[in-house]
Amino acid sequence: MHITRPAALLVVAALAAGCAQSKVPTDAKVTLTGKVARQDGSPAGNLRLALTRIPDVGELAFQGIPVAATLGTACLADDPPPLCKLLQRTETDAGGTYTVHMSGSDVRGTFNTATNFDLTAQLPRTGSDVDGPSVRASFEIQRPDLTVSPLRFWEPDHVTARGDAKNVVLDWTPFKNMNEYTAHFAVNGQEIWSGPAEPAVTMDARDFEDANGVLHISAAASAPGPDTTFQLRYTSQGIGFRGTAGAPESRGKPCVAEGRPAPCALTDGSFDHPLADPSCAGAQCAANGWVYVDLGKPEPVGTVFVRANPAGALTVDTSDDAVSWTTRAAAEGSDRFVKIGLPSTVTARYVRVRAAAGSRLTGLTQVSVWP
């Protein structure tokens, strides 16, 4: 559906109406304070922190700023990516304490809404680790003086991954009082798989394909604060891991996306060329609602992996001629990384992933077809 600029204004205004209004005067002097500690409770002194402002609905509509699942630690870099709406960097003192000064206008959104922030810190890497543990707090600022919930690193004694062509076993030292974890696998800073996990979990090796990347484990918690809730994310050190499943049968095969000219990059194994919107205008512009892979000849099709899914529910269809399609399986929900298993293996040349009516696959990074 094509939305005109006036219509977009109405949509954004409606969204803004549902957001909390800022309680901080524009001309106020805002002070943010807090402490950062190591897992053993000792101060995390002389450590860089990045305070990042999350784009609000107005910026999304008028500036076209994309939203990532997480800004992560990239905003701590000397040259942060454009996605980082970097407000300030600061450092902890020897006692692990930090202070950030802002103005009231810094914490107010486009429609005078309360703005969301991420505050991130990371320890240096040690030994063979790719990077060090990190901790992040997400929150709103609704008062001129705010003390952030104490940040404490999780520093597991080990994070390991070992695998074969079928399975990968992940293990790590649990974090006290944490029972739920998420495994993250990224290539060149682009997350290509994440999902719930637990220590000593056995995962499908196809989650990782043959990619050479970095594995992290994270845990989440929340803490109440004055006029906000602090959402806390604890992330382990990163370890290098190369996938052991090999390449899917779709690797390097032609693909077609609705409304997009060839070539299609959703089968090249690079994970860093997200599907863009069609470059056309008007109400009849194709909606990026499907993509199909041409396997070249009839091949067994048993499982389809979809990475960075933006569309929620998905359907898998197969065909022998790319004209007549048979629905084979569906996945509900809104997971960004989706594994869709067919009830039974079929033989087909063309495999299509289709979004629900009205949804788009814009942002999709890879479609992988396995026997």
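The values are calculated or read from the model by the stated rules, or taken from the named source; none is laboratory data. Here the structure is a predicted model, which is why all the values come from computation and not from measurement. So basically every Cβ, Gly included, is an ideal-geometry build from the backbone, and we count neighbours across all protein chains shown. In case anyone asks, the SASA skips ligands and DNA or RNA and just uses the protein heavy atoms, side chains included. Shrake-Rupley method; radii C 1.70, N 1.55, O 1.52, S 1.80 Å.
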(message) With under 23 Å from Cys75 (Cα atoms) and of a type outside the set (Val, Ile, Thr) as the only criterion, which of Glu155, Glu198 stands out?
(response) Glu155
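Suppose we filter Val67, Val57 for residues that are at pLDDT below 60, open to solvent by 80 Å² or more (accessible area, probe 1.4 Å), out of contact with any Lys or Arg (no Cβ under 9 Å at 6 or more places or on another chain) and not hydroxyl-bearing (Ser, Thr, Tyr); which single one remains?
Details: Val57 fails: open to solvent by 80 Å² or more (accessible area, probe 1.4 Å).
Going through Val67, Val57 in turn, the sole match is Val67.
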(message) I need the full set of residues from the stretch 251-268 which are part of a loop (DSSP other than H, G, I, E, B) and modelled with pLDDT of 95 or more, in order please.
(response) Arg251, Gly252, Lys253, Pro254, Leu266, Thr267, Asp268
(request) Take the stretch 311-331 and flag every residue that is within 22 Å of the chain's Cα centre (by Cα), buried (at least 18 other Cβ atoms within 10 Å of the Cβ) and part of a loop (DSSP other than H, G, I, E, B). (result) Ala311
(message) Here is a check on your reading of the model: is Thr92 of a type outside the set (A, V, I, L, M, F, W, C), closer than 22 Å to Arg48 by Cα and within 20 Å of the chain's Cα centre (by Cα)?
(response) no
(request) Name, by its number, the condition in (1) among the hydrophobic types (A, V, I, L, M, F, W, C); (2) open to solvent by 60 Å² or more (accessible area, probe 1.4 Å); (3) over 27 Å from Arg307 (Cβ atoms) that does not hold for Ala165. (result) (3)
(request) Hey, can you tell me all the residues within the stretch 221-243 that are under 18 Å from Trp193 (Cα atoms) and open to solvent by 30 Å² or more (accessible area, probe 1.4 Å)? (result) Arg233, Gly240, Arg242
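Do we have any residue at all in the stretch 40-52 that's in a loop (DSSP other than H, G, I, E, B), among the hydroxyl-bearing types (Ser, Thr, Tyr), modelled with pLDDT of 95 or more and within 28 Å of Lys176 (Cα to Cα)?
Yes, that holds for at least one residue.
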(request) Considering (1) buried (at least 17 other Cβ atoms within 10 Å of the Cβ); (2) closer than 29 Å to Thr228 by Cα, say which one Glu209 fails and leave the rest. (result) (2)
(request) Might you check whether a residue that is open to solvent by 60 Å² or more (accessible area, probe 1.4 Å), at pLDDT 75 or above and in a strand (DSSP E or B) occurs anywhere in the stretch 98-112? (result) yes
(request) Select from the stretch 136-159 the residues that are of a type in the set (Lys, Arg) and surrounded by 19 or more Cβ atoms within 10 Å (Cβ to Cβ) and list them in ascending order. (result) Arg136, Arg152
(message) I'd like the full set of residues that are part of a loop (DSSP other than H, G, I, E, B), under 22 Å from the mean Cα position of the chain (by Cα) and modelled with pLDDT of 95 or more, limited to the stretch 113-128.
(response) Leu123
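If you scan the stretch 332-343, which residues turn out to be assigned to a strand (DSSP E or B), in contact (Cβ under 8 Å) with a residue 24 or more places away in the chain and open to solvent by 30 Å² or more (accessible area, probe 1.4 Å)? Even if it seems obvious, please write down each step before you answer.
So in the stretch 332-343, the residues assigned to a strand (DSSP E or B) come out as 338-343.
Checking which are in contact (Cβ under 8 Å) with a residue 24 or more places away in the chain leaves us with 338-342.
Of everything in the stretch 332-343, those that are assigned to a strand (DSSP E or B), in contact (Cβ under 8 Å) with a residue 24 or more places away in the chain and open to solvent by 30 Å² or more (accessible area, probe 1.4 Å) turn out to be Lys339, Gly341.
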(request) Scan the stretch 344-359 residue by residue and report those that are surrounded by 13 or more Cβ atoms within 10 Å (Cβ to Cβ) and among the hydrophobic types (A, V, I, L, M, F, W, C). (result) Val346, Ala348, Val351, Val353, Ala355, Ala356
(request) Determine which single condition Gly246 fails, assuming it passes every other condition in (1) at positive phi; (2) surrounded by 15 or more Cβ atoms within 10 Å (Cβ to Cβ). (result) (2)
(request) Search the stretch 136-178 for residues being in a strand (DSSP E or B) and acidic (Asp, Glu), and hand back the single one that is nearest to the chain's Cα centre (by Cα). (result) Glu140
(request) Could you tell me whether Ser218 is over 23 Å from Ser368 (Cβ atoms), open to solvent by 40 Å² or more (accessible area, probe 1.4 Å) and not aliphatic (A, V, I, L, M)? (result) no
(request) Examine the stretch 290-301 for a residue that is at pLDDT 95 or above, part of a loop (DSSP other than H, G, I, E, B) and aromatic (Phe, Trp, Tyr), and state whether such a residue exists. (result) no
(request) Look at Pro133 and say whether it is within 28 Å of Thr182 (Cα to Cα) and buried (at least 20 other Cβ atoms within 10 Å of the Cβ). (result) yes
